[in-house]
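Heads up: the structure comes next, in structure tokens.
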Amino acid sequence: MKNIIIYATCQGIPFRDLLLQSDEIKKKYSVFYYSNFSTPGSPQFTIDQETLRNCEIFLYHPSKEFSEEFLSDLLPQESIKLQIPYITFSAYWPDFGRIPDRPLGKSTEFPYGRIPYRSEILDRLADEISSKERLIDTYLHMKSEIGDRALRILDSDFEYLNRLDSRDGPFFVRKYIENNFQERQLFKIFNHPKNELYLLITNQLLRHLELPKLTTAAAEKIPGHAEQNLPIHPATADSLNLNFYKRDLKHLYLGQEYSFEDFIQEYISLL
């Protein structure tokens with residue numbers, strides 16, 4: 001059996017799990033996932049030489065420390081090398097950062113923090129307002145600042161998705177996200193797409209390999225990023241016209257269910 005290697009961020013895990021839902025893939029290949037980081041932001045390359053030598057398809061997320069020239073010395077010349085899109089979308093959470101440099105609630109159970117990505121606006125307000133109740137009320141009613149920021153970030157998101165789609169195929173994601181992000185929540189946090197998007201790129205790869213595509217039932221069989229669903233600010237929902245949004249809807253986040261207000265109360269308690 002030849003190997004498919006996925007060398008990627010945590011997005012590679014649901015991608016692998018979906019590929020293994022394909023009977024044709026399982027007949028022809030062993031599928032391996034290797035993380036391209038040791039901790040968030042710390043790159044690594046630990047794929048053993050034997051696995052690389054037997055690789056027929058190498059799927060990877062790009063990084064500054066990794067190049068195809070580096071790869072060409074390790075893989076069989078005839079192997080297929082495809083860059084998979086690192087799909088991100090920040091507009092649902094316009095004031096939350098993308099770098100876990102000051103995580104809240106670090107512990108043995110949560111080594112990267114219970115809340116790895118912090119809200120710039122909420123942190124600023126916490127420095128200005130001592131009353132917890134007034135802090136929450138002020139933040140929840142910040143319609144203009146958060147709504148306007150969501151629209152600006154949406155433009156940036158689409159620019160980024162355009163860059164992803166500008167590469168040679170087989171992966172294209174911008175049009176799908178643009179057509180569906182208001183009707184269904186497509187991301188759990190900015191860098192954790194829901195299984196719907198993993199199904200999209202999996203089927204694009206299967207089509208490229210001339211193999212039958214998977215149905216939506218396959219996406220329902222894998223966990224994906226099941227426990228990291230960050231709630232959305234109501235002003236963001238209004239500004240982006242999110243038709244799926246319900247303010248009191250509970251979201252599963254690291255083992256607990258939160259509405260947006262519940263989540264903000266948890267956030268403040270960890271400051």
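Pair-distance distribution P(r) for segment 1-129, from all Cα-Cα distances in 5 Å bins starting at 0: 2, 9, 15, 18, 16, 12, 9, 9, 5, 2, 2, 1, 0 percent.
Gain on full extension, evaluated as 0.36 nm per residue between K143 and N162 minus their Cα-Cα distance, stands at 4.0 nm. Helix 195-208 and the longest principal axis of the Cα set of the chain meet at an angle near 20°.
Here segment 140-271 is assigned +1 on the Cβ of each Lys and Arg and -1 on the Cβ of each Asp and Glu. Its dipole about the Cα centre then comes out at about 340 debye. Using the Cβ-Cβ distance between K221 and L151 with R0 set to 41 Å, the FRET efficiency works out to roughly 0.70. For K28, the lysines whose Cα falls under 16 Å of its own Cα, not counting residues fewer than eight places away in the same chain, are K2, K213. Pairwise Cα separations in the chain fall into 5 Å bins from 0 onward with the following percentages, short to long: 1, 5, 11, 16, 17, 15, 13, 9, 6, 4, 2, 1, 0. Mind scanning K64/K143; K175/K246; K132/K175; K64/K194; K64/K250; K27/K221 and naming the pairs with a C-alpha gap bigger than 31 Å? In this structure, K64/K143; K132/K175; K64/K250 exceed 31 Å between Cα atoms. With distances taken between every two different alpha-carbon atoms, segment 129-168 has a Kirkwood hydrodynamic radius of 12.4 Å. The accessible surface of segment 93-230, taken with every protein chain in place and a 1.4 Å probe, is 48 percent carbon and sulfur.
Here the extension length gained between K64 and R207 equals 48.5 nm, from 0.36 nm per residue of separation less the Cα-Cα distance.
Here segment 1-146 is assigned +1 on the Cβ of each Lys and Arg and -1 on the Cβ of each Asp and Glu. Its dipole about the Cα centre then comes out at about 280 debye.
Taking other residues whose beta carbon is less than 11 angstrom from the beta carbon of R118, and scoring Lys, Arg as +1 and Asp, Glu as -1, yields -1.
Within the shell of other residues whose beta carbon sits under 11 angstrom from the beta carbon of E78, the net charge comes to +1, with Lys and Arg scored +1 and Asp and Glu -1.
Annotation: the antiparallel percentage among DSSP beta bridges lying fully within the chain is about 40.
Multiplying the residue separation of L249 and K2 by 0.36 nm and subtracting their alpha-carbon distance yields 84.4 nm. The alpha-carbon of K106 sits under 15 angstrom from the alpha-carbons of these aspartates and glutamates, leaving out residues fewer than 8 places away in its chain: E266.
With the convex hull of the Cα atoms taken as the outline of segment 114-271, the averaged projected area works out to 10.4 nm². Probing with 1.4 Å while keeping every protein chain in the model, the per residue accessible area of the chain equals 50 Å².
Can you check what the Kirkwood hydrodynamic radius comes to for segment 89-159, Cα pairs only, in Å to one decimal? Roughly 13.5 Å, rounded to one decimal.
Heavy atoms only, 1.4 Å probe, whole protein assembly: order Y33, Y112 by accessible area, highest first.
Values: Y33 50, Y112 105 Å².
Final ranking, largest accessible area leading: Y112, Y33.
Backbone amide hydrogens, once placed in the peptide plane, bring K188 within less than 5 Å of K194, excluding anything fewer than 5 places away on its chain.
The values are calculated or read from the model by the stated rules, or taken from the named source; none is laboratory data. Here the structure is a predicted model, which is why all the values come from computation and not from measurement. Don't worry about glycine lacking a Cβ; one is built from the backbone with ideal geometry, like all the others, and counts go over all protein chains shown. To get the accessible areas, we keep the full protein, side chains included, count just its heavy atoms, and leave off ligands, DNA and RNA. Shrake-Rupley method; radii C 1.70, N 1.55, O 1.52, S 1.80 Å.
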